[in-house]
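Notes follow the structure.
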Amino acid sequence: MAERAEPRRSRGRGRVVPTVVLATVVAVGAIGAAAVARHSSRAPGPRATDAPSVHSAKVTRRDLSNSQTQQGHLGFGPVKTLKGTGTGTLTKLPSNGTATARGKALYRVDDKPVPVFYGDTPFFRDLKKNGLTGNDVTVLRTNLASLGYDVGYEEPVRRSAGQAPVQGSVFTASLAAALKRWQQDVGLQPTGTLKAGDVVVLPGPARASTVKAQVGDPVAGDILGYVSPKKVITVPVNAQQVSAIRPGDSVTLMLPGREATGMVSGVGRIAQDDSAQPGSDDDSSKIDVTILPKRASDVANLDEADLPVEFVSEIHKDVLTVPISALVALSGGGFAVQRPSGELLRVRTGMFATGLVEISGKNLKEGLDVVIAS
């Protein structure tokens, strides 16, 4: 005998169920009334054409996902500030839009070129003594090798028992010789030593966006703002929601007339409060999420523009689903779906997304017909 479904007050996700259940119960009552009418007297009488209609849907198997769409801005990403180090006077500055190149001068100090290296550690000391170790030595070694100079064998760092591990590479005679050859090639004094301020270190290729200093200013100060040379989409996301977003996640870019794929390349660490911005209807803090298009050609013809970005926060693959309106709240608790015959099949609910709900339970299979309220 099938269980009887009665409306009940539900909580959480089930807050949409009471209306659905009422419609379902009324619809089922209509089916019963129609059945009684067929077995009663054949005398002419009112037809049940005004009863609520009952429709059915099939249990389907699919990937179900929760997603959120946020407004992003296509451009060259957040502007970072390059600060000069050392002593001397700026004698030449790049123009806006200048692209950096490894080993090439970005500006000049005291009429001497200041080239660019790429790495994660600036040159904070003079590198001139054999045996010095550190991450700054690694930056020097890596860049000279990338420029084609023979930096020699990287000697292993020797340490006594009980000492903490040594970070970075060792400054060797062969590395000093490679440095000297490079200095001569770029117009620097070929000393084989590197002073702090001789070379500027950036995280990677960049593009000058705003020149902040002027010729004649001291080098120790804000010189210019720089951005990524590639177009990126910057999305301000509520700080409470950003924990579900990780570098490497795939996202969908809503381009004009079509969609494209992007990837999360970075998640900011500092929340910005936008509550004071004119027209803002959200006073919560935001964290910038940076998105790279999978193919640069997808945005090649677009200038700066606002683009919606869809983030998938959770996905359940290959699950059985029905429309939410197929759920029937049981009087004893829990949910069921109803067969067109009136039979109730108890189900366990999973993810709710885009009008569908994940279900599991006995006697459920793909293609099964279930009643939905309309």
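Listed values, structure above:
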{"read-out": "Residue in segment 312-327 that is more than 30 Å from Gln70 (Cβ to Cβ), modelled with pLDDT of 90 or more and in a loop (DSSP other than H, G, I, E, B) present", "value": "no"}
{"read-out": "Inter-residue pairs, beta-carbon under 9 Å, first over 19 Å from Val59 (Cα atoms) and in segment 328-343, second of a type in the set (Ser, Thr, Tyr) and part of a loop (DSSP other than H, G, I, E, B), 6+ apart", "value": "none"}
{"read-out": "Answer residue from segment 66-92, given it is surrounded by 15 or more Cβ atoms within 10 Å (Cβ to Cβ) and among the small types (Gly, Ala, Ser) and is farthest from the chain's Cα centre (by Cα) among those", "value": "Gly88"}
{"read-out": "Verdict on Tyr153 being modelled with pLDDT under 95, in a loop (DSSP other than H, G, I, E, B), aromatic (Phe, Trp, Tyr) and at negative phi", "value": "yes"}
{"read-out": "Strands (runs of 3 or more DSSP E) lying entirely in segment 168-259 (those with 1 or more residues that are of a type in the set (Gly, Ala, Ser))", "value": "207-211, 222-227, 250-255"}
{"read-out": "Residues of segment 168-202 satisfying the condition of being in contact with a strand residue (DSSP E or B) (Cβ under 6 Å, 6 or more places away or on another chain) and at positive phi", "value": "Gly168, Gly187"}
{"read-out": "Any hit, segment 207-222, residues being in contact with a strand residue (DSSP E or B) (Cβ under 7 Å, 6 or more places away or on another chain) and under 15 Å from Arg141 (Cα atoms)", "value": "no"}
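The values are calculated or read from the model by the stated rules, or taken from the named source; none is laboratory data. Everything numeric here is computed off the predicted structure, so don't read it as measured data. All Cβ positions, even for glycine, are placed from backbone atoms using ideal geometry, and neighbour counts span all protein chains on display.
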